[in-house]
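> I'd like to ask some things about the structure below.
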Amino acid sequence: MAEFTMELNDEQKEVRDWLHGFAADVIRPAAAEWDEREETPWPVIQEAAKVGIYSLDFYAQQYFDPTGLGIPMAMEELFWGDAGIALSIVGTGLAAVGVLANGTEEQIGTWIPQMYGDVNDVKVAAFCSSEPDAGSDVASMRTRAVYDEAKDEWVLNGTKTWATNGGIANVHVVVAVVDPELGSKGHASFIVPPNTPGLSQGQKFQKHGIRASHTAEVVLDDVRVPGSCLLGGKEKLDERLARARERAKAGGERVKNAAMATFEASRPAVGAMAVGTARAAYEVALDYAKTREQFGRPIIDNQGVAFQLADMRTQIDAARLLVWRASWMAVNGKPFTAAEGSMSKLFASETAKKVTGQAIQILGGNGYTREYPVERMHRDAAIYTIFEGTSEIQRLVIARTLSGMPIR
Ligand SMILES: Cc1cc2nc3c(=O)[nH]c(=O)nc-3n(C[C@H](O)[C@H](O)[C@H](O)COP(=O)(O)OP(=O)(O)OC[C@H]3O[C@@H](n4cnc5c(N)ncnc54)[C@H](O)[C@@H]3O)c2cc1C
């Protein structure tokens with residue numbers, strides 16, 4: 001177990017500086033263009049692949065860093081560059097983690113390389129859980145997976161929505177219901193291999209922010225995948241379902257809503273993305289306030305502006321500390337007795353929304369235009385309080401964890 005530290009070691013500092021260089025030199029200059037185009041920035045993903053940022057190796061190295069600071073540090077730097085482009089770069093990693101966490105060694109070895117493709121032909125992956133009627137309420141998921149024993153195949157039917165990289169992914173990871181009686185305990189995850197008949201992209205969403213990241217519906221119409229595509233394998237699933245049925249029969253453990261009980265360990269990563277966007281906007285505002293003059297002096301000479309910057313920086317640093325604590329806890333297997341993962345995501349995402357709004361105010365009319373990046377950053381920041389569990393769901397999880405009561 002690694003002791004909690006607030007300081008990056010020399011190796012981490014080197015990685016951070018390297019990522020910052022990529023974010024400053026490659027991502028940030030491309031941000032406005034891809035935001036306008038509202039398309040996946042394939043050339044930027046390819047650049048990231050060339051230097052080794054877009055790869056399983058890089059992601060896994062940060063993911064398994066025992067200090068827990070690898071992922072938050074990487075997310076903060078990339079999202080400092082631009083949130084939409086960074087999400088296009090790390091979106092595959094989020095799908096890959098689903099396979100790393102639940103897949104067999106063979107599944108990991110077969111599918112993760114296909115999620116990334118290679119430097120000359122980069123690919124992306126998608127994680128499809130949300131549905132039109134199952135957002136926060138994951139337990140009401142309807143997409144069904146039925147086992148066809150004669151052919152050793154699973155048949156998937158349903159509609160997924162809001163899938164990052166949905167429809168353009170080489171590999172889709174799809175969560176589906178295998179036993180409707182068991183609520184979220186009756187869900188399982190499946191790999192849908194490239195070019196599988198029956199999987200198609202539905203509506204592509206036109207969004208408020210993170211517009212360089214592709215978000216779409218994924219329609220599953222009699223999609224047949226081999227038995228080997230069930231993550232973790234059939235034996236493990238059957239054991240898990242049998243245990244869940246026993247518990248349900250005994251009336252002991254309530255079948256809980258997955259969105260409210262899980263994700264505690266992955267939420268700090270989203271908090272770190274929010275810290276990156278907030279820090280980017282704060283830096284632009286600080287520079288601007290020092291150089292913009294009104295009434296014969298820089299606007300930062302006014303307490304009304306300077307105090308806002310003081311609050312912005314204080315909240316960003318506080319958010320980072322919550323994120324680092326939760327990431328350290330996750331990597332070192334510490335129990336989240338106060339829902340510290342949700343806490344970090346809640347505070348960091350609300351901070352990003354607030355700080356980017358304040359940055360617009362400090363830039364005045366310029367802040368409101370697309371000549372300056374804070375307008376985009378403010379639009380981008382709004383996603384952090386929505387995906388990976390909304391702020392309300394984070395509060396629900398925290399309140400239930402603290403009180404032990406079934407708060408609604
Ligand atoms: C850009 C983008 C990318 C995404 N990427 C993915 C992805 O890759 N894969 C994936 O599976 N999903 C993805 N999502 C889905 C995302 O996780 C959901 O949008 C989110 O969980 C909220 O679900 P919903 O949109 O259905 O909102 P709803 O659940 O309908 O919520 C609407 C409002 O009601 C509030 N609310 C709901 N229940 C309660 C309650 N019990 N108490 C208090 N308030 C409540 C919510 O907080 C929210 O304010 C993405 C979404 C977006 C917008």
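Table: residues versus (1) within 23 Å of I210 (Cβ to Cβ); (2) not small (G, A, S).
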{"site": "I71", "(1), (2)": "yes, yes"}
{"site": "E77", "(1), (2)": "yes, yes"}
{"site": "A86", "(1), (2)": "yes, no"}
{"site": "G91", "(1), (2)": "yes, no"}
{"site": "L94", "(1), (2)": "yes, yes"}
{"site": "G103", "(1), (2)": "no, no"}
{"site": "I112", "(1), (2)": "no, yes"}
{"site": "Y116", "(1), (2)": "yes, yes"}
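> If we scan region 9-30, do we find a residue that is part of a loop (DSSP other than H, G, I, E, B) and farther than 23 Å from A95 by Cβ?
yes
> Quick check on region 97-119. Is at least one of its residues within 18 Å of A188 (Cα to Cα), of a type outside the set (S, T, Y) and within 13 Å of the ligand (Cβ to nearest atom)?
Checked region 97-119: at least one residue is within 18 Å of A188 (Cα to Cα), of a type outside the set (S, T, Y) and within 13 Å of the ligand (Cβ to nearest atom).
> Report yes if M75 is in a helix (DSSP H, G or I) and more than 22 Å from F190 (Cβ to Cβ), otherwise no.
yes
> Taking the conditions exactly as written (more than 26 Å from I398 (Cα to Cα), free of Cβ contacts under 8 Å to residues at least 12 places away in the same chain and of a type in the set (D, E)), does E375 satisfy them or not? Give the derivation first.
Values: more than 26 Å from I398 (Cα to Cα): yes; free of Cβ contacts under 8 Å to residues at least 12 places away in the same chain: no; of a type in the set (D, E): yes.
When the stated conditions are applied, E375 does not pass them.
> Select, from G109, G158, G91, G68, the only residue that is out of contact with any helix residue (DSSP H, G or I) (no Cβ under 8 Å at 6 or more places or on another chain) and within 19 Å of K345 (Cβ to Cβ).
G91
> Could I ask something else about it? Output yes when any residue across region 130-147 is at positive phi and not hydrophobic (A, V, I, L, M, F, W, C), and no when none is.
Step one: of region 130-147, the residues at positive phi are none.
Among the residues of region 130-147, not one is at positive phi and not hydrophobic (A, V, I, L, M, F, W, C), which makes the answer no.
> If a residue counts only when it is farther than 20 Å from K207 by Cα and within 16 Å of the ligand (Cβ to nearest atom), which helices (runs of 4 or more DSSP H) contained entirely in region 292-408 have at least 3 such residues?
340-367, 391-403
> Related question: Test P194 against the stated conditions and say whether it is under 19 Å from T92 (Cβ atoms), more than 18 Å from the chain's Cα centre (by Cα) and not assigned by the TED database to the domain that holds R37.
Taking the combined requirement at face value, the residue satisfies it.
> Read through the list (1) surrounded by fewer than 17 Cβ atoms within 10 Å (Cβ to Cβ); (2) over 16 Å from R211 (Cα atoms); (3) not aliphatic (A, V, I, L, M), then give the number of the only condition that G389 fails.
Failing condition for G389: (1).
> Counting only residues that are farther than 30 Å from M377 by Cβ and either more than 14 Å from the ligand (Cβ to nearest atom) or touching a Pro at 6+ places or on another chain (Cβ under 7 Å) (or both), how many does region 193-235 have?
24
> Among residues belonging to region 149-192 that are in contact with a Gly (Cβ under 8 Å, 6 or more places away or on another chain) and of a type in the set (S, T, N, Q), point out the one that is farthest from the ligand (Cβ to nearest atom).
Once the filter is applied, the top-ranked residue is N170.
> Identify the residue in region 120-137 that is within 8 Å of the ligand (Cβ to nearest atom), among the hydrophobic types (A, V, I, L, M, F, W, C) and touching a residue at least 24 places away in the same chain (Cβ under 8 Å) and, among all such residues, is surrounded by the most Cβ atoms within 10 Å (Cβ to Cβ).
Per the stated criteria, the residue is C128.
> Considering only region 89-170, give the strands (runs of 3 or more DSSP E) lying wholly within it that have at least 1 residues that are within 15 Å of the chain's Cα centre (by Cα). Talk me through it step by step, then tell me what you get.
Numbers: elements: 125-128, 144-148, 153-164.
The qualifying strands (runs of 3 or more DSSP E) are 125-128, 153-164.
> Within region 285-314, restricting attention to residues that are within 29 Å of the chain's Cα centre (by Cα) and of a type outside the set (V, I, T), which residue is surrounded by the most Cβ atoms within 10 Å (Cβ to Cβ)?
Among those that are within 29 Å of the chain's Cα centre (by Cα) and of a type outside the set (V, I, T), it is A285.
The values are calculated or read from the model by the stated rules, or taken from the named source; none is laboratory data. No experiment lies behind these values; they were computed from the predicted model shown. Every residue, glycine among them, receives a Cβ derived from its backbone with ideal geometry; neighbour counts consider all protein chains shown.
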